[in-house]
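Chemist: Below: one structure in structure tokens.
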């Protein structure tokens, strides 16, 4: 502890220090050993010391609050990134499904066209066979009609199928050596068709 010597009395006295210095150097002496007239200053020092003691607590609370805000911000950012990723995946999957659907529809149209071509050729072959054999020749055939047939019509020597495709209706025509008449159902499945030779034409019906 610092001090000064009184040369008149040769008594060592402690050097007076302000409470602001004692706040840093010796709080106990400032608040308990100071003269009475400095007690008000010591009270101030006490308050300041209390603030210094409490400051770390406030800092800790502020740090926790900031940490909480940062945590919430990071969670919000993660949630936003997750939503963006899910939206991107949804768009990609939608595109893939759309392309797959279009390709599937186009493939189904091609299959139906091939099947109806086979059906038309078999009907015309049966009509030509009985026509050349002459009346009252009759021939019965069993055929499987595909999906997508909208109508079947006869126009002189033409057998006309109207089909529903992936891009809209289309027609498929088959030509015979004789005039044809009759009426055929359009539902998909197995059909039993009879071709009967008549004078000058062939009549086609379902038995």
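Chemist: Going by the alpha-carbon gyration tensor, a ≥ b ≥ c the square roots of its eigenvalues, is the range 139-191 rounded (a/c under 1.5) or, if a/c is not under 1.5, prolate (a/b greater than b/c) versus oblate?
Modeler: Verdict is oblate for the range 139-191.
Chemist: Something else now. How big, on average over all directions, is the shadow cast by the Cα convex hull of the range 106-149, in nm²? Don't skip to the end; give the middle numbers.
Modeler: On the way: hull surface 12.9 nm².
Across all orientations, the range 106-149 yields a mean hull projection of 3.2 nm².
Chemist: Length gain on complete extension for the stretch residue 137 to residue 153, per 0.36 nm per residue less the alpha carbon to alpha carbon distance?
Modeler: Working: separation 16, 0.36 × 16 = 5.76 nm, distance 2.24 nm.
Gain on stretching residue 137 to residue 153: 3.5 nm.
Chemist: Now, a different point. Rg and Dmax of the range 112-206 over Cα atoms: what are they, in angstrom?
Modeler: 12.8, 43
Chemist: Need one number: nm distance between label points at residue 117 and residue 79, each 7 Å from Cα along Cα→Cβ, rounded to one decimal.
Modeler: Once both label points are built, they end up 5.9 nm from each other.
Read-outs throughout are calculated quantities, based only on the coordinates presented, and are distinct from any laboratory measurement. Please read these numbers as outputs of a predicted model, since none were measured by experiment. For neighbour counting, all protein chains shown are included, and Cβ atoms are generated from backbone atoms with ideal geometry for every residue, glycine included.
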